[in-house]
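This report refers to the structure that appears directly beneath it.
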Amino acid sequence: APVEVKKICCIGAGYVGGPTCAVIPHIQVTIVDLNQQRIDAWNSDTLPIYEPGLDEVVKAARGKNLFFSTDVDKAIEEADLIFVSVNTPTKKSGIGAGFAADLKFLQLATRRIAEVAKSSKIVVEKSTVPCRTADAMRTILEANSKPGCHFDILSNPEFLAEGTAIEDLFGPDRVLIGSLQTEQGLSACQSLANVYANWVPRERILTVGLWSSELSKLAANAMLAQRISSVNALSAICEATGANIDEVAYAVGKDTRMGSKFLKASVGFGGSCFQKDILNLVYLSESLHLPEVAKYWRAVVEMNEYQKSRFANKVVNTLFNTITGKKIAILGWAFKKDTGDTRESPSITLANHFLTEKARIDIYDPQVTESQIWLDLTDYGDIPAEPIKPHVKISETVEEACKNAEAIVICTEWDEFKTLDWQKIYDNCPRPAFVFDGRLILDRKALTDIGFKVISIGTGD
Ligand code: NAD
Ligand code: UGA
């Protein structure tokens, strides 16, 4: 019979580990991390990540069935089931640099489990990983386990999107669990399914083989990103012809085989996962000697790079081919609305482009801290800050960021940008006053009536 899970440990208190475990009812969950600062923040009034609804969920459960700690060993020892939810970034050097996932954090966590565990555990791979990683985890665990300790490995990828994480977690489209198709494997799979069944309908809990589960995660992200690159590719055609990308996407999305979601043209997709996971799939395809497949998926990332640079160039070209010394307001630094996360945000690419062209930039974002913006602009210290400092300002309000700006560039689709006092902003801008809508959120007619020259993605001007 499946083991009843009474205590859960989650290794990695990040964007995934924190929210996913905070929604688990009744069962005692301890989320651990090596990063003391992060754990302190989880235990404070100011959580380390901004996510709508997260504060309420954490405050209701913290100290009751939800705990945050840096005592990794103790939490491992006590748990029946361990989620491994550590970061798996793209490798920066060595074999597969620039494509393959760096699995060092995952392997360190796995080794720790093997060293510390004194009883049998179900180990759940929650991080996004290349296919067959669960196999490697099993080998590490089995080679290092104590007598009498048995480890079952499950794959349980996470599909939440930032900004809607709590909603996604309480009502997921599906929960996916992969296991070995052995009696023992299937039994472990049931144990985890029973945890989710506390709040997810059974028919939404899908159980498959380990590799299918691992590949489904990469596939889902690749196909979602592919829709964005497709619509962004079409946006370039719209700009050249006078067609309107919102109208095209609407018409296309009405086909029930296609669906209307995830067809919003943009300045390009960002976020910590799409690019990383596609490059991972590209690397996997190459390693499996499938170069045509690798080329196909690589094009999704290349189109995204093209979209970002195309938009940046459009700003420069529109401002009469030079932005040297000109002030450009960047509205939005997060990679999407309702998050403070800036990983791979298109704003960073655009800002760098503008700085290379010797413009002055003024940045506003309602959730991103000034120190985070500096980390992004200096690539976490790899680029010296001093030379760019005179050209960068970070503002507390939109009005301040836009004052005297020769161009206002919308990079993130924050709702508040839709309802700004645009007349007042216009009054404080030199003429012609340009607004570049990288997210297609503004009322083009209203702004044009005020006097702005509005340039949007995917519309002929
Ligand atoms: P993150 O960087 O926010 O969090 C990872 C945490 O793991 C960090 O706090 C780090 O200190 C900790 N950690 C690393 N090694 C550790 C160790 N050995 N012991 C204890 N703690 C350790 O990353 P994230 O955004 O939460 O992503 C985690 C994984 O989930 C990645 O594989 C990612 O691809 C995947 N994923 C992310 C999202 C998302 O929306 N961010 C969604 C689905 C899947
Ligand atoms: C994405 C997936 O949606 C999640 O299912 C997945 O779990 C997650 O990646 C992950 O594996 O990390 P996330 O990156 O948080 O979630 O956010 P998305 O809503 O997917 O947005 C990603 C980027 O695409 C953002 O920059 C967003 O602005 C952009 N986007 C999204 C568009 O440009 N157009 C769209 O129509 C949708």
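Which one is nearest to ligand 1 (Cβ to nearest atom), of the residues in segment 92-118 that are open to solvent by 50 Å² or more (accessible area, probe 1.4 Å) and touching a helix residue (DSSP H, G or I) at 6+ places or on another chain (Cβ under 9 Å)?
Here is the first cut: in segment 92-118, the residues open to solvent by 50 Å² or more (accessible area, probe 1.4 Å) are 92-95, 99, 104-105, 107-108, 111-112, 115, 118.
Going one step further and asking which of them are touching a helix residue (DSSP H, G or I) at 6+ places or on another chain (Cβ under 9 Å), we end up with 99, 107, 111-112, 115, 118.
Numbers: 99: 15, 107: 9, 111: 9, 112: 6, 115: 12, 118: 19 Å.
My answer is 112.
In this structure, is residue 138 surrounded by fewer than 17 Cβ atoms within 10 Å (Cβ to Cβ) and either closer than 23 Å to residue 187 by Cα or basic (Lys, Arg) (or both)?
Working: surrounded by fewer than 17 Cβ atoms within 10 Å (Cβ to Cβ): no; either closer than 23 Å to residue 187 by Cα or basic (Lys, Arg) (or both): yes.
When the stated conditions are applied, residue 138 does not pass them.
Kindly check whether there is at least one residue in segment 263-273 that is open to solvent by 30 Å² or more (accessible area, probe 1.4 Å), part of a helix (DSSP H, G or I) and out of contact with any Gly (no Cβ under 6 Å at 6 or more places or on another chain). I'd like the intermediate steps shown before the answer.
Restricting attention to segment 263-273, the residues satisfying the condition of being open to solvent by 30 Å² or more (accessible area, probe 1.4 Å) are 264, 273.
Filter once more, keeping what is part of a helix (DSSP H, G or I): none.
No - not one qualifying residue is present in segment 263-273.
If you check residue 338 against the conditions, is it outside any helix (DSSP H, G or I) and within 16 Å of ligand 1 (Cβ to nearest atom)? Break it down stepwise before answering.
Details: outside any helix (DSSP H, G or I): yes; within 16 Å of ligand 1 (Cβ to nearest atom): yes.
Yes: the conditions hold for residue 338.
Against the conditions (1) in contact with a His (Cβ under 8 Å, 6 or more places away or on another chain); (2) small (Gly, Ala, Ser); (3) closer than 30 Å to residue 302 by Cβ, where does residue 97 fall short? Just the number, please.
(1)
So how many residues does segment 178-199 have that are more than 19 Å from residue 7 (Cα to Cα) and either of a type in the set (Lys, Arg) or open to solvent by less than 10 Å² (accessible area, probe 1.4 Å) (or both)? Quick ask: steps written out before the conclusion?
Of the residues in segment 178-199, the ones more than 19 Å from residue 7 (Cα to Cα) are 178-186.
Then keep just the ones that are either of a type in the set (Lys, Arg) or open to solvent by less than 10 Å² (accessible area, probe 1.4 Å) (or both); that gives 178-179, 185.
Total satisfying the criteria: 3.
Among the residues of segment 392-415, are any over 18 Å from residue 332 (Cβ atoms), among the acidic types (Asp, Glu) and open to solvent by 80 Å² or more (accessible area, probe 1.4 Å)?
No - not one qualifying residue is present in segment 392-415.
Looking only at segment 161-172, decide whether some residue is open to solvent by less than 20 Å² (accessible area, probe 1.4 Å) and either in a strand (DSSP E or B) or under 28 Å from residue 114 (Cα atoms) (or both).
No.
Of the conditions (1) within 16 Å of ligand 1 (Cβ to nearest atom); (2) closer than 23 Å to residue 232 by Cα; (3) open to solvent by 40 Å² or more (accessible area, probe 1.4 Å), residue 345 clears all except one; give me its number.
Among (1) within 16 Å of ligand 1 (Cβ to nearest atom); (2) closer than 23 Å to residue 232 by Cα; (3) open to solvent by 40 Å² or more (accessible area, probe 1.4 Å), the lone unmet condition for residue 345 is (3).
Which ones in segment 279-293 are surrounded by 18 or more Cβ atoms within 10 Å (Cβ to Cβ) and either over 17 Å from residue 92 (Cβ atoms) or touching a Leu at 6+ places or on another chain (Cβ under 7 Å) (or both)? I'd like the intermediate steps shown before the answer.
In the first step, residues of segment 279-293 are kept if they are surrounded by 18 or more Cβ atoms within 10 Å (Cβ to Cβ); the result is 279-285.
Those that are surrounded by 18 or more Cβ atoms within 10 Å (Cβ to Cβ) and either over 17 Å from residue 92 (Cβ atoms) or touching a Leu at 6+ places or on another chain (Cβ under 7 Å) (or both): 280, 281, 284, 285.
Residue 268 - would you say it is without any contact (Cβ under 8 Å) to a residue 40 or more places away in the chain and of a type outside the set (D, E, K, R)?
Values: without any contact (Cβ under 8 Å) to a residue 40 or more places away in the chain: no; of a type outside the set (D, E, K, R): yes.
Spelling it out, it is not the case that residue 268 is without any contact (Cβ under 8 Å) to a residue 40 or more places away in the chain and of a type outside the set (D, E, K, R).
Looking only at segment 24-58, count how many residues are in contact (Cβ under 8 Å) with a residue 24 or more places away in the chain, acidic (Asp, Glu) and under 22 Å from residue 199 (Cβ atoms).
1
Quick one: in segment 369-391, which of the residues that are polar (S, T, N, Q) and surrounded by 13 or more Cβ atoms within 10 Å (Cβ to Cβ) is farthest from the chain's Cα centre (by Cα)? Working first, answer last.
So in segment 369-391, the residues polar (S, T, N, Q) come out as 369, 371-372, 378.
Now restrict to residues that are surrounded by 13 or more Cβ atoms within 10 Å (Cβ to Cβ): 369, 372, 378.
Working: 369: 18, 372: 16, 378: 20 Å.
Looking at the filtered set, the residue picked out is 378.
For segment 218-261, give me the residue count where each residue is surrounded by fewer than 17 Cβ atoms within 10 Å (Cβ to Cβ) and either part of a loop (DSSP other than H, G, I, E, B) or touching a strand residue (DSSP E or B) at 6+ places or on another chain (Cβ under 8 Å) (or both).
10
Does segment 140-158 include one or more residues that are within 14 Å of ligand 1 (Cβ to nearest atom) and at pLDDT below 95? Working first, answer last.
Residues of segment 140-158 within 14 Å of ligand 1 (Cβ to nearest atom): 140, 155-158.
Still in the running and at pLDDT below 95: 140.
There is at least one residue in segment 140-158 that is within 14 Å of ligand 1 (Cβ to nearest atom) and at pLDDT below 95.
Take the conditions in a helix (DSSP H, G or I), under 30 Å from residue 95 (Cβ atoms) and either touching a Phe, Trp or Tyr at 6+ places or on another chain (Cβ under 9 Å) or within 16 Å of ligand 1 (Cβ to nearest atom) (or both) and apply them to residue 276. Does it pass? Please lay out each step first, then the result.
Numbers: in a helix (DSSP H, G or I): yes; under 30 Å from residue 95 (Cβ atoms): yes; either touching a Phe, Trp or Tyr at 6+ places or on another chain (Cβ under 9 Å) or within 16 Å of ligand 1 (Cβ to nearest atom) (or both): yes.
When the stated conditions are applied, residue 276 passes them.
Considering each residue of segment 88-128, count those that are polar (S, T, N, Q) and under 18 Å from residue 343 (Cα atoms), and give that number.
Restricting attention to segment 88-128, the residues satisfying the condition of being polar (S, T, N, Q) are 88, 90, 93, 107, 110, 119-120, 127-128.
With under 18 Å from residue 343 (Cα atoms) added as a condition, the list becomes 88, 90, 127-128.
The total comes to 4.
Output the number of the condition that residue 314 fails; it satisfies all remaining conditions of (1) under 30 Å from residue 284 (Cα atoms); (2) among the charged types (D, E, K, R); (3) surrounded by fewer than 19 Cβ atoms within 10 Å (Cβ to Cβ).
Condition (1) is where residue 314 drops out.
Considering only residues that are open to solvent by 60 Å² or more (accessible area, probe 1.4 Å) and either of a type outside the set (Ser, Thr, Tyr) or outside any helix (DSSP H, G or I) (or both), which ones fall in segment 294-308? Let's see the steps before the verdict.
We begin by selecting, within segment 294-308, every residue open to solvent by 60 Å² or more (accessible area, probe 1.4 Å); these are 295-296, 298, 302, 305-306.
Passing the criteria: 295, 298, 302, 305.
The values are calculated or read from the model by the stated rules, or taken from the named source; none is laboratory data. Everything numeric here is computed off the predicted structure, so don't read it as measured data. Every residue, glycine as well, gets a Cβ built from its backbone with ideal geometry; the counts of neighbours run over all protein chains shown. Please note that ligands, DNA and RNA were not included when accessible areas were found on the heavy atoms of the full protein model with its side chains. Shrake-Rupley method; radii C 1.70, N 1.55, O 1.52, S 1.80 Å.
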